[in-house]
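Read the structure below first, then the notes.
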Amino acid sequence: MQGMLLLTLTAAISKLHPPSCGKEVTSICQGPTRGEMAFLLSSFALLVVGGSGIRPCNLAFGADQFNPNIKSEEKASIVSLTGIPTLLMFFSCVIFFVGTKIYVKVLPQGSPLLGVVQVFVAAIKKRGLKSPEQPWLSLFDYVLKNTNSKLSYTDQFRFLDKVAIRTLKDELQMDGSAADPWRLCTIQQVEEVKCLLRLVPIWFAILIYHVAFIQQNNYLVFQALQSDRRLIKRSTFKIPAATYVVFDRLCIARITITVMARLLVQTHLGVMT
């Protein structure tokens, strides 16, 4: 609750968030101060702590309200512990779909991957151009009418800014869009590609984890290839080595959980009683 309150204050109080960028082409977006960023991150931290502390305990707290060793009438009330939230979720879905006709639906136009390719192709074609000194003022800033969000200009990866420079060969259509999108791209397209490039370090960091994770499965397959995979000694059928990963998951999901439920949980209940 405190996290949601602080997050709401960042949007409601003007001193807790940076000023708007403005509608003028020459306007420059001002970033948040250290105090504003600290206030925002503190709200996120409270949301994380609250979500991780409350949600895992909700079901357990509800189950603690019932004693499984008493009458069957109260045992039936345990079913309502999960039945009532299910009904509430169903009614919330109904209410959501009732307002379908009044929702604003922005239809997708084109392929986002195609726009990324166009930026790189145009960057190759215009690699010989000189980057403008004031890109936020001189670059091609055409925005579609049905676009709800507009990315502000950033100084990172400035070599991509060349694709938004208008030359004598670049012509515009009647609506103001580029006649050849493979030569002239908008600032919006350039900033979208910049967002993707900023994710590249994160992708490489995740690769380190996935390489180690995949090697565990490969090791299991190599071990299976060197073992006798026949169910019967004289049979020609062999269990495929790649399916041995399934047995590993079954052992964890079935045997281990069953042993925990039978031994640990029942032993714990016996000590309590």
Practice item. Could you rank the peptides 177-185, 33-41 by their average count of other C-beta atoms within 10 Å per residue, with the highest value first? Key: 177-185, 33-41
Point to revise | All aspartates and glutamates inside 16 Å of LYS238 as judged from Cα atoms, apart from same-chain residues fewer than 8 positions distant | key: ASP228
Exercise for review: Take the alpha carbon atoms of the stretch 166-197, find their center, do the same for the stretch 97-145, and report the distance between the two centers in whole angstrom.
Suggested key: 7
Practice item. Taking H placed 1.01 Å from N in the peptide plane, check which residues at least 5 places from LEU172 or on another chain put their amide H under 5 Å from its amide H. Key: ALA179
Practice item. May I ask which of LYS150/LYS194; LYS15/LYS194; LYS105/LYS150; LYS105/LYS194; LYS130/LYS150 have a Cα-Cα span longer than 23 Å here? Key: LYS15/LYS194; LYS105/LYS194; LYS130/LYS150
**Study point:** Residue-wise HN-Hα coupling along the stretch 172-189, computed from phi with Karplus coefficients 6.51, -1.76, 1.60 (Hz; x: Gly, Pro)
**Key:** 10, 7, 5, 7, x, 7, 6, 6, 10, x, 8, 10, 10, 10, 8, 4, 4, 5
Exercise for review: Averaging sequence separations of C-alpha pairs under 8 Å and six or more residues apart, then dividing by the length of the stretch 212-258, give the relative contact order as a whole percent.
Suggested key: 32
Study note, to complete from the structure: With every protein chain kept in place and a 1.4 Å probe, the residues LYS101, LYS169 fall, from largest accessible area down, as LYS101, LYS169
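The values are calculated or read from the model by the stated rules, or taken from the named source; none is laboratory data. It should be emphasised that the depicted structure is a prediction, and the values quoted were computed from it without experimental measurement. Note: ideal-geometry Cβ built from the backbone for every residue, glycine included; neighbour counts use all protein chains shown. Each accessible area value is taken on the protein alone, full model and side chains, heavy atoms only, with ligands, DNA and RNA left out. Shrake-Rupley method; radii C 1.70, N 1.55, O 1.52, S 1.80 Å.
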